[in-house]
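The values are calculated or read from the model by the stated rules, or taken from the named source; none is laboratory data. Here the structure is a predicted model, which is why all the values come from computation and not from measurement. Cβ sites come from the backbone with ideal geometry, for glycine too, and all protein chains shown count toward neighbours. What goes into the accessible areas is simple: the full protein's heavy atoms, side chains included, and nothing from ligands, DNA or RNA. Shrake-Rupley method; radii C 1.70, N 1.55, O 1.52, S 1.80 Å.
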Amino acid sequence: MENQEFEILLNKFIEGNISSEELNVLENSSEFSTYKKILESSSEFSTPYVDNDKSFNAFMEKTKFNEKEQKPVRKLNRYYLVSGVAASLIFLFGLFQIFNTNETYATDFGEQLAVLLPDSSEVVLNSDSFLEFNKKDWKKNRKLNLKGEAYFKVKKGSKFEVVTSEGSVAVLGTQFNVNQHKNFLEVHCFEGKVRVVRNKEKFILTQGDAVRQIGNAAFESWNFSEVSPTWKNFESSFKNTPLRFVVQSLIKTYGTTVISDNVDLDKRFSGSFPTNDLEIALKTITTSMNLTYDLEEGKKVTLRSKE
């Protein structure tokens, strides 16, 4: 999108007079995702309440012309005051674009995205996931922030670290998978060696090792034989995983809304479901867990216990 077009649409968005068609164009632009990050960051700061009408009238009183000088004064339109705020935000957005050196990637429900890093390391993002790293400082600091799930094939070199809100994974050159939810971290090592750090505990994994921690419970570890994550082949697999995290994976894959009715979400599930057929996925999960389900329009799912 051209800068001028983006600024016009952003101005309309800030002032609240943007049409649905224009909003759709704006939301699909790469520039708008960065603008939203500015808004999210700025939400951490509080701003004083301002009575716009009172402030405007007071301003007009102060700027009335002096009868002795008889100097004409052009009244300010409220539109220009609002536009000034919009212009300031656009200016800040421009500065952010200039000085921001972070590269970001994100996937929607049911999407996968392959990313080639500056050192030719590879990342594949699973659905509803987010990846960020500093491209300018990459040679000195191979560090990424991850939310969600991703598979990494890392070129040998300096320390490579994946940071999540639930813990970090550090390697020198290897292939591994990181799956992060709130209060959940699971790592599979497919090649080489990785170090997993969470809640001040450290684990060294080699090929075929997997480790998981849920909340502050003890770490769980096991071995596997797969050569790559099954979700890359449109199948999500689980080994003795609490049902609540299986449901979260279902939501991230299909964008569903899930309501559980008298269902024990702490029961463990082992098995897999396809990531390209919601009906089969639901049948697979509910059959093995002694559940029933209702699927309404709009992908609203209700899970119920048969007991």
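Residues that are over 20 Å from residue 205 (Cβ atoms) and at pLDDT 95 or above: which strands (runs of 3 or more DSSP E) entirely in the stretch 132-189 hold 1 or more of them?
142-147
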Self-check item: Filter pass, residue 125 being open to solvent by 40 Å² or more (accessible area, probe 1.4 Å), among the hydrophobic types (A, V, I, L, M, F, W, C) and at pLDDT 95 or above
Solution: no
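Give the residues of the stretch 181-190 that are surrounded by fewer than 21 Cβ atoms within 10 Å (Cβ to Cβ) and touching a residue at least 24 places away in the same chain (Cβ under 8 Å), sorted by residue number.
Matches in the stretch 181-190: 181, 183, 184.
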Quiz item: Here are some conditions: (1) surrounded by 13 or more Cβ atoms within 10 Å (Cβ to Cβ); (2) more than 22 Å from the chain's Cα centre (by Cα); (3) under 26 Å from residue 191 (Cβ atoms). Residue 240 meets all but one. Which one does it not meet?
Solution: (1)
Exercise. Being closer than 17 Å to residue 113 by Cα and either open to solvent by less than 30 Å² (accessible area, probe 1.4 Å) or not charged (D, E, K, R) (or both) is the filter here, so list the residues in the stretch 250-259 that pass it.
Key: 253, 254, 255
Quiz item: Within the stretch 159-182, can you find the residues that are basic (Lys, Arg) and touching a Lys or Arg at 6+ places or on another chain (Cβ under 9 Å)?
Solution: 159
Practice problem: For the stretch 199-224, enumerate the residues that are assigned to a loop (DSSP other than H, G, I, E, B), modelled with pLDDT of 95 or more and open to solvent by 70 Å² or more (accessible area, probe 1.4 Å). | Solution: 207
Quiz prompt | Per-region count, the stretch 100-131, residues under 24 Å from residue 226 (Cβ atoms) and assigned to a strand (DSSP E or B) | solution = 9
Self-check item: Enumeration of residues in the stretch 225-236 that are surrounded by 17 or more Cβ atoms within 10 Å (Cβ to Cβ) and outside any helix (DSSP H, G or I)
Solution: 229, 236
Quiz item: Within the stretch 153-163, how many residues turn out to be open to solvent by 20 Å² or more (accessible area, probe 1.4 Å), on the phi < 0 side of the Ramachandran plot and of a type outside the set (D, E, K, R)?
Solution: 2
